[in-house]
Amino acid sequence: MNSLIDKIARPEIAALVPYKARGGASADAIVLDANENPWPPLSGSRNNNRYPEQQPTALAQRLAALYGVNPEQLLMSRGADEAIDLLVRASCRAGRDAVLITPPTFGLYAVAARIQGAEVIEVTLDDDYKILPKAIAAAAKANPVKLIFLCSPGNPVGSLIPGNTVFELAASCPDQLLVVDEAYIEFSGADSVVSALSDFPNLVVLRTLSKAYSLAGIRLGCVLANAPVIELLRKVLPPYPLPVPVVDEALRALSPVNMSIINQRINQIKDERERVFTALGKSSFVRRIWPSSANFLLAQLQVKTDILQRLRASAIHIRDFSALGAGMVRISIGSAQQNNALLSAFGVLQKPSLPTRSSAVSRQTRETSISAMVALDDSEPVQIATGIGFFDHMLEQIARHGDFSLVMNASGDLHIDAHHTIEDCAIVLGTALRKALGDRAGIGRYGFVLPMDEAQAQIVIDLSGRPALRFEADIDDAGAGGFEGQMVQHFFESFAQHLGAAIHIRADGNNTHHLIEVIFKGVGRALRPALRREGSQIPSSKGVL
Ligand SMILES: *Cc1c(COP(=O)(O)O)cnc(C)c1O
């Protein structure tokens, strides 16, 4: 037996023979061992008549790669919430054992402990909302503490606990599990303490897909810990905690092609957090505001003002934390537009701006996985990786000359040829631009481009909402850079279709590389005035586009 687990586990859990969930079966096996129904349900899903694996392998591998651990160091649960509950149930005997928390902190640690009948030992943060490691270690020794919960960045304060502080505490509390809840770590810029798992048998890290990965609705979180701790927790895990649609959605959302969009969005939240922090700091309604490493800000409002009514009148919800002191609130960071509404209610919106036009599209088929994020009112970033160097260069021309931000990643069946990837990128880019255009209010709508260099392209565009392509260019079949000549027309057919635009292209030139490039550049140039927002009217006598 592992001596740490001997100390941590409830003896009856250590001795428990766990309920044996049916494992995953190979696709062609005849599975008659779980009393399932042989037919798929009438809801249309393919295999929801089957129980899922207790810990679905594909998702475990994806999350292990994402978090930098081995699959046996990871346990998936219904949100980090359930992981907290599993930890308490596996370790704490009612009326005998205790957990240690550092208020103000996430409320569920104490609730889970009380449900289990465990005592809750509190070592309050200091006046600057920092943890007191020596006091924590002393209280852990003086009480029958099984679990120490730290939250980093902390909720509701937002401050990060430095890695070294965590490691020193793990070393000075070898008889407890030190649980570091990193629900918000992605917003901090700091590394997870998980890299130190091999140094500390008692270190446990909680992660979640709810915050940084926009997946609060599917309920998926993880415990990362050394294998003996994971084995212990598996004993109290329900047989089938993760519904098949949840697992499928997590795998789709975490597809590697989506990661640069996810990171881009995290960066946007961090930028917005700093903007809102600075602006609220100047509001006469705010007494004090704390810097944060998470996607929220803790603030103390002036209580004798009408700020709460002003927020209510704008239907803006913020979280009351008056238990921490009069006027204390926690404010989540939203989109730029939502934050502008907040700043406006606080009387500190610098310049009212039109809502930014952006969209993100992710499309996955058996042939390709592609994601794109466009922002029509920003020029940066332009980052493209389709696996076809020449095509990346062409897409960059559209974005740079069209003057919009484009983050695009593709992973396609290039071992067959480039056809599917090029066509599907056209679909995804066209769709992303169409979605970002929204109702097309205020746009220039039309675009024109005329000669360029020794090759020349004449391009006209109408963002009419009605797809059409006229293509008059004689491009050598051999193409350039692995990009076949005939794919140029094919790309713009799909692009026009999904963007909802009439595009007329006439081009000629001697050098195929130049000819293709001048077309992509020209389309970008023609898109530039067409995409640009000049007012607020829908540019059509019909009133819709
Ligand atoms: C939101 C939050 C969680 C819960 O995460 P889920 O995966 O949604 O259950 C855990 N810990 C902290 C500190 C949180 O703020």
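Any read-out appearing in this document is the output of simple, stated calculations on the displayed coordinates, not a laboratory observation. Quick caveat: nothing in here was measured; it's all calculated off a predicted structure. For neighbour counting, all protein chains shown are included, and Cβ atoms are generated from backbone atoms with ideal geometry for every residue, glycine included.
Quick notes
- Under Karplus coefficients 6.51, -1.76 and 1.60, residue-wise ³J(HN,Hα) of segment 535-545 in Hz, glycine/proline x: x, 10, 7, 6, x, 7, 5, 6, x, 9, 10
- Distant alpha-carbon pairs in segment 392-545 (separation over 29 angstrom), percent: 14
- Paramagnetic label zone (point 7 Å from Cα along Cα-to-C-beta, GLU367; backbone N under 18 Å) in segment 466-488: 483-488
- The alpha carbon centroids of segment 182-224 and segment 337-402 are separated by 27 Å.
- Residue-wise HN-Hα couplings along segment 180-186, as the Karplus relation 6.51 cos²θ - 1.76 cosθ + 1.60 with θ = phi - 60° gives them from phi, are 9, 7, 9, 4, 10, 4, 4 Hz; Gly and Pro carry x.
- Here the simple spin-label model places points 7 Å from the Cα toward Cβ, and for SER344 and TYR240 these points are separated by 4.9 nm.
- Mean-position separation - Cα centroids, segment 47-100 and segment 231-279, in angstrom: 15
- Total formal charge among the other residues, if their Cβ is under 12 angstrom from that of ALA530, Lys/Arg +1 and Asp/Glu -1: +3
- Mean ellipticity per residue at 222 nm, deg cm²/dmol - from DSSP H runs of n ≥ 4 across the chain, formula -39500 (n - 2.57): -10500 deg cm²/dmol
- Among 252-262, 156-166, sorting by the average number of other beta carbon atoms lying within 10 angstrom of each residue, highest first, gives 156-166, 252-262.
- Global dimensions of the chain from alpha-carbon coordinates: Rg and Dmax equal 27.8, 85 Å.
- Bins of 5 Å from zero: percent of alpha-carbon pairs in segment 1-64: 3, 12, 16, 15, 15, 14, 9, 8, 6, 2, 0
- Convex hull volume per residue in cubic angstrom - Cα atoms of segment 227-305: 197
- Electrostatic tally near THR57: other residues with Cβ closer than 15 Å to its Cβ, Lys and Arg +1, Asp and Glu -1, net +1.
- Separation between Cα centres of segment 509-545 and segment 129-159, rounded to whole Å: 58
- Taking amide H positions as modeled 1.01 Å from N, with prolines and chain starts lacking one, the residues under 5 Å from PHE296 and 5 or more places away or on another chain are ILE333.
- Quarter of Cα convex hull surface for segment 305-359, i.e. mean projection, nm²: 4.6
- Options GLN54, SER77, LEU100, ranked by Cα towards positive dipole end of segment 54-128, top entry (Cβ charges): GLN54
- Separation in nanometres of the label points that stand 7 Å from Cα toward Cβ, at THR356 and ALA65: 2.9
- Loop-located trypsin sites (Lys or Arg not before Pro) in segment 292-362, at most 16 other Cβ atoms within 10 Å (DSSP): LYS304
- Were the residues from LEU16 through GLU72 laid out at 0.36 nm apart, the gain over their Cα-Cα distance would be 18.2 nm.
- Cα→Cβ-extended label distance, 7 Å offset, between GLU122 and LEU251, nm: 4.5
- Prolate/oblate/rounded label for segment 1-132 (Cα gyration tensor, a/c 1.5): prolate
- Sum of side-chain charges, ALA27 neighbourhood, beta-carbon under 14 Å (Lys, Arg +1; Asp, Glu -1): 0
- Note that segment 370-376 has calculated 3J(HN,Hα) couplings of 9, 9, 8, 10, 10, 9, 6 Hz, one per residue in order, obtained from phi through the Karplus relation 6.51 cos²θ - 1.76 cosθ + 1.60 (θ = phi - 60°); glycine and proline are x.
- Length released on extending from SER335 to ALA138, taking residue separation times 0.36 nm less the Cα-Cα span: 66.6 nm
- Placing +1 on each Lys and Arg Cβ and -1 on each Asp and Glu Cβ, with no other charges, gives segment 32-179 a dipole about its Cα centre of roughly 160 debye.
- Of the peptides 403-413, 525-535, 9-19, 443-453, the order by per-residue mean of other Cβ atoms within 10 Å, starting with the highest, comes out as 403-413, 525-535, 443-453, 9-19.
- Among VAL179, SER45, ALA457 - extreme Cα towards positive end, dipole of the chain, charges at beta-carbon: VAL179
- Where the Cα pairs of segment 343-436 fall when distances are cut into 5 Å bins, in %: 3, 14, 23, 21, 14, 9, 6, 4, 4, 2, 1, 0
- Highest average packing first - 282-288, 32-38, Cβ atoms within 10 Å: 282-288, 32-38
- Efficiency of FRET from Cβ geometry, ASN510 and HIS490, R₀ 22 Å, rounded to 0.05: 0.45
- Debye log10 I(q)/I(0) for segment 383-436, one point scatterer per Cα, at q = 0.17 Å⁻¹: -0.50
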